[in-house]
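Right, one structure below, let's go through it.
Only the coordinates and a few stated rules stand behind these numbers; no lab work does. It should be emphasised that the depicted structure is a prediction, and the values quoted were computed from it without experimental measurement. Ideal geometry is used to build each Cβ from the backbone, glycine not excepted, and the neighbour counts take in all protein chains shown.
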Amino acid sequence: MNYKIIQDEKLLEDFIEWLPDLENNEIFYLSLMARNKYAEELKYAKSGKSLLKRFTATKDRIYNKIKQLECEVGSYKLKDVPAPQNSLALYISINPRDMLKATKNGLIKFAQLITQEYNGYNPHQEIMSEIQKAYSRKIYLDFDFDNVSKESVLEKVRDILNIDCVRVLNTHSGFHLLIETSKIKSEYKKSWYQKVSSIEGCDVKGDNLIPVVGCTQGGFTPYFD
């Protein structure tokens with residue numbers, strides 16, 4: 001029996017097609033996590049989430065790389081405890097990451113590390129962290145809402161933004177508003193960010209990792225409206 005990461009192939013394929021096209025120096029960053037809030041078996045874990053796997057991919061390779069995550073159940077472990085299927089959640093940074101920026105910052109990081117006594121660091125993980133941080137273009141800004149009515153939030157957003165720049169992502173415990181910045185009309189550009197951030201229920205905002213549409217998120221399958 002294998003883990004099942006892809007829950008709806010059509011939703012995933014449409015999501016990948018929706019992602020922005022990459023420039024020469026860009027890549028997408030993805031991470032598979034186990035989260036104790038989704039699994040009763042992990043409720044006593046010290047950390048709320050554990051990183052199981054992270055990787056980069058171009059648009060044409062995302063599907064195949066996700067498929068490769070579907071290994072035998074028990075292959076992912078939190079220390080000695082196998083990660084249960086219902087704990088898994090796959091995330092992506094929908095804003096492309098800049099490989100040139102990550103390489104430059106990685107060289108600086110490595111230069112700092114080699115001047116100190118070795119403390120167990122992993123060069124691969126260090127450069128992956130630099131890739132995660134090195135956004136290239138902020139095509140979308142993400143606003144994460146929990147424990148609030150989607151309809152009431154959208155009603156407020158309609159007074160703040162032209163709604164055609166907003167995409168709604170439904171998730172396990174709420175929803176995300178993905179704002180395509182290039183589509184924001186000029187009359188809203190100076191005021192919209194602070195107003196959306198101030199709406200009740202907005203938990204996290206900015207250049208965030210979001211759940212991958214069509215893939216597992218703690219037993220839930222994220223989808224666009």
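For residue 115 and residue 137, FRET efficiency with R0 = 41 Å and r from the beta-carbon atoms, rounded to 0.05? Efficiency at R0 = 41 Å is approximately 0.80. Once Lys and Arg get +1 and Asp and Glu get -1 on their Cβ, which of 91, 1, 116 lies farthest toward the positive end of the dipole of the chain? Of the listed residues, the answer is 116.
Placing +1 on the Cβ of every Lys and Arg and -1 on the Cβ of every Asp and Glu, with no other charges, gives region 140-208 a dipole of roughly 300 debye about its Cα centre. Pairs over the 25 Å Cα-Cα cut-off, from the set 67/101; 65/150; 150/185; 133/185; 10/79; 65/183: 67/101; 65/150; 133/185; 10/79; 65/183. Between residue 158 and residue 186, the modelled label-to-label distance comes to 2.6 nm, taking each label 7 Å out from Cα in the direction of the beta carbon.
By the helix-only formula, in which each DSSP H run with n ≥ 4 contributes -39500 (n - 2.57) and the sum is divided by residues, the chain has a 222 nm mean residue ellipticity of -7500 deg cm²/dmol. Projecting the Cα atoms of 217, 172, 107 onto the charge dipole of region 91-225, computed from C-beta unit charges around the Cα centre, puts 107 farthest toward the positive end.
Once Rg and the Kirkwood radius are both taken over the C-alpha atoms of the chain, their ratio Rg/Rh works out to 0.98. Taking a point 7 Å out from the Cα of residue 101 in the direction of its Cβ, the residues of region 183-217 whose backbone N falls within less than 18 Å of it are 205-210.
Placing unit charges on the Cβ atoms only, positive for Lys and Arg and negative for Asp and Glu, gives the chain a dipole magnitude near 540 debye about its Cα centre.
About its Cα centre, the dipole of region 45-107 is roughly 260 debye, where the only charges are +1 on Lys and Arg Cβ and -1 on Asp and Glu Cβ. The calculated FRET efficiency for the pair residue 2 and residue 198, based on their C-beta separation and a Förster distance of 35 Å, comes to about 0.20.
Once the convex hull of all Cα atoms in region 140-208 is built, its volume per residue stands at 76 Å³.
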